[in-house]
Amino acid sequence: MKILFLSDSYMQDGSFDPFRKEVLQAISLYGSETKAVITNHFLYSNSSNIRFFQNFNKVVEDIRKFNPDIIFSINRAGLVKELTDVISTDAVYITWFIDSYERVPENLLKFTTQDIVWLTGLREYTDNFCCRYGVKTDKIIFSPFATNTDVFYPQNQERTIDGCFVGTAFSNQSFVNTLNCVAEDVEERNILIHILESHKSNYIFDIATVLQEKGYTNYEEHTRENWQMIFDDQISIEKRIRFISTLHDFNIKIYGEPNHLWIQYLSIYKSSMLAKYQYEPIRTPEDLAHLYNKSKIGINILHHQASNHSLPIRVFDLMACKTLLLTEKTSVNALHQIGFIENVDFVCFEDEKDLKHKFEFYLKNDTARDKIVESAYLKVKNFHSLKIRIEEGISRSLGEKVNVNNYNQRKIEVIDSSLFKLVSLEKREKYLHFIKKHSRFFKKSFPGTWEVLRITALKLKILR
């Protein structure tokens, strides 16, 4: 069985992040051969538009010759017509939405009878998906996140940190810009603020439509997925700063990126929290597991797109390390769906006061904390490892039991483009010097070559 793995990348060097690498490694165990394409090396991020200076035609030809049996994509990345046209009609398409499908552009969300969709949420999340995109419920597989138990496990070291939070500081600049554009229009401004507040308590799936119904005349200024991003990121960072700042009296550590946003938000809300923020990010899964094993309590503050129906990876990673999961109330439904019980496997908080009270209680009560983390650890180990999740998903997708022992792991070929990768400042300076020195010659004698050099320089952010 040949597997084609398609995913975008958000890493600065253009490589897959640790979780995507782990998924790719797990998926490859079920194939005789595996090819992986880092899609935003050849396609513009979150689009079906080809980067014209990349040799996408060669990638398409390689895939045609490869003739995969399974195409496994993360977030629908790379499933463009140029690619699907050369793949066998007998192939099975599997898409795992590890981010909300509401943040994927409409032109990528085209499904056929060959598609199997893995969703991290159930109930209204699945119902909305099936209704919007015409996918039958028997083509949906509930597949929440899971943890790599080869990396995340109890290390039996002294827990010297009261608590920790690891997460992104989402930018709210788009929301600020959008609101600022209508700041002098009282009616438009009030509609935008009203929808934001209602969205906090009720996950609205089509914000543009709701804005239109309320009379907001600029509802078309953003696409559906951009509206979702604008509102969700504003709500998410607002929650994270507000909740985490409640714990300023404790020995907590905050990790995340980007630095300048964490510094900006914390300095405005509670500058004393700047001493809790760690200015070097967690770079490897092993480092993250080490942090969790030194922490007594792990805080989970969800991105708003997961509210009431999905869970982030940190939930499983924390429990796998026997670190107490203290999570906001909006994650309770999703935890109950997969067998975890409140106050048996995790503890939740409703507001800032509740968070501080429960953090302090479980920090001081080792016996109560140890009882909960032991129960959660056993459930994660037995039912929520990445290996188990992938094996269950592949078996249900193919309609037959597939066991990793049936296949021998082969080498994974990763297709990328060196032009996409960021270069060092030293190399940029050399490239810039070369272009400046020879620009007149190339422009005059080799205009085609000059254009390639110019475009490459732009893409490497050497020229503006």
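Taken together, the values in this text are just the output of simple stated rules run on the coordinates, not laboratory data. As the structure is a computational prediction, the values presented were derived from the model and not from experiment. Positions of Cβ are backbone-derived with ideal geometry, glycine not excepted, and every protein chain shown enters the neighbour counts.
Taking the Cα centre of region 269-327 as origin, work out the dipole magnitude from +1 charges on Lys and Arg Cβ and -1 charges on Asp and Glu Cβ, in debye rounded to 20.
In total the dipole reaches around 220 debye.
How much net charge surrounds S100 when only other residues with a Cβ under 13 Å from its Cβ are counted (Lys, Arg +1; Asp, Glu -1)?
Numbers: positive: R76, R103, R132, R224; negative: D99, E102, E124, D206, E225, D232, D233.
Summing Lys/Arg as +1 and Asp/Glu as -1 gives -3.
Which of L122, Y93, Q25 sits closest to the plus end of the dipole of the chain, meaning its Cα is farthest towards the positive end, when Lys and Arg get +1 and Asp and Glu get -1 on the C-beta?
Of the listed residues, the answer is Q25.
List L211, L109, L318 from most exposed to least, where exposure is judged by having the fewest other Cβ atoms within 10 Å.
Lowest count first: L109, L211, L318.
Run the helix sum for the chain: -39,500 (n - 2.57) per DSSP H stretch of 4+ residues, divided by residue count, reported at 222 nm to the nearest 500 deg cm²/dmol.
For the chain, the value works out to -13500 deg cm²/dmol.
Would you work out the relative contact order for the chain, in percent, from Cα pairs under 8 angstrom that are 6 or more residues apart?
The normalised contact order for the chain reaches 20 percent.
For region 161-290, calculate the relative contact order in percent as a whole number, restricting contacts to Cα pairs under 8 Å that are 6 or more residues apart.
Numbers: 122 pairs, mean separation 45.2, N = 130.
Over region 161-290, the number comes to 35 percent.
Given charges of +1 on the Cβ of Lys and Arg and -1 on the Cβ of Asp and Glu, with all other atoms neutral, how large is the dipole of the chain about its Cα centre, in debye to the nearest 20? All intermediate terms of the calculation are to be shown ahead of the outcome.
Working: 60 positive and 59 negative charges, 360 e Å.
Once rounded to the nearest 20, the dipole reads 1720 debye.
Kindly write out, for region 222-238 in residue order, the coupling ³J(HN,Hα) from the Karplus curve 6.51 cos²θ - 1.76 cosθ + 1.60 (θ = phi - 60°), rounded to whole Hz, with x marking Gly and Pro.
3J(HN,Hα) across region 222-238, in whole Hz: 10, 6, 3, 5, 6, 4, 4, 4, 4, 6, 5, 5, 4, 5, 5, 6, 4.
As I understand it, the dipole of region 45-85 uses +1 on the Cβ of Lys and Arg and -1 on the Cβ of Asp and Glu, about the Cα centre. Which of S48, T84, F66 lies farthest toward its positive end?
Positive-most Cα among the choices belongs to S48.
Take the alpha carbon atoms of region 184-225, find their center, do the same for region 309-372, and report the distance between the two centers in whole angstrom.
Their Cα centres are 33 Å away from one another.
Can you find, among S375, G399, L261, the residue farthest towards the positive end of the dipole of the chain? Put +1 on the C-beta of Lys and Arg, -1 on that of Asp and Glu.
Farthest along the dipole direction, towards plus: L261.
Ordered by residue, what ³J(HN,Hα) values in Hz, to whole numbers, does region 311-321 give under the Karplus form 6.51 cos²θ - 1.76 cosθ + 1.60, where θ = phi - 60° and Gly and Pro are x?
9, x, 5, 4, 4, 6, 4, 5, 5, 5, 9
Evaluate the charge dipole of region 225-356 about its Cα centre and quote only its size in Debye, nearest 20, assuming +1 on the Cβ of each Lys and Arg and -1 on the Cβ of each Asp and Glu.
Values: 14 positive and 17 negative charges, 88 e Å.
Dipole of region 225-356, to the nearest 20 debye: 420 debye.
List the GluC sites (Glu not before Pro) within region 334-413 that DSSP assigns to loop and that have no more than 15 neighbouring Cβ atoms inside 10 Å. Intermediate results must be reported in sequence, preceding the final value.
Values: sites: E342, E350, E352, E360, E374, E391, E392, E400, E413; in loops: E350, E400.
Passing both the DSSP loop test and the Cβ count: E350, E400.
How much length is gained if the chain between C181 and S267 is pulled fully straight, taking 0.36 nm per residue apart and subtracting their Cα-Cα distance, in nm to one decimal?
Working: separation 86, 0.36 × 86 = 30.96 nm, distance 2.56 nm.
Between C181 and S267, full extension yields 28.4 nm more.
Taking only C-alpha pairs under 8 Å that are 6+ residues apart, what is the relative contact order of region 56-188 in percent?
17 percent
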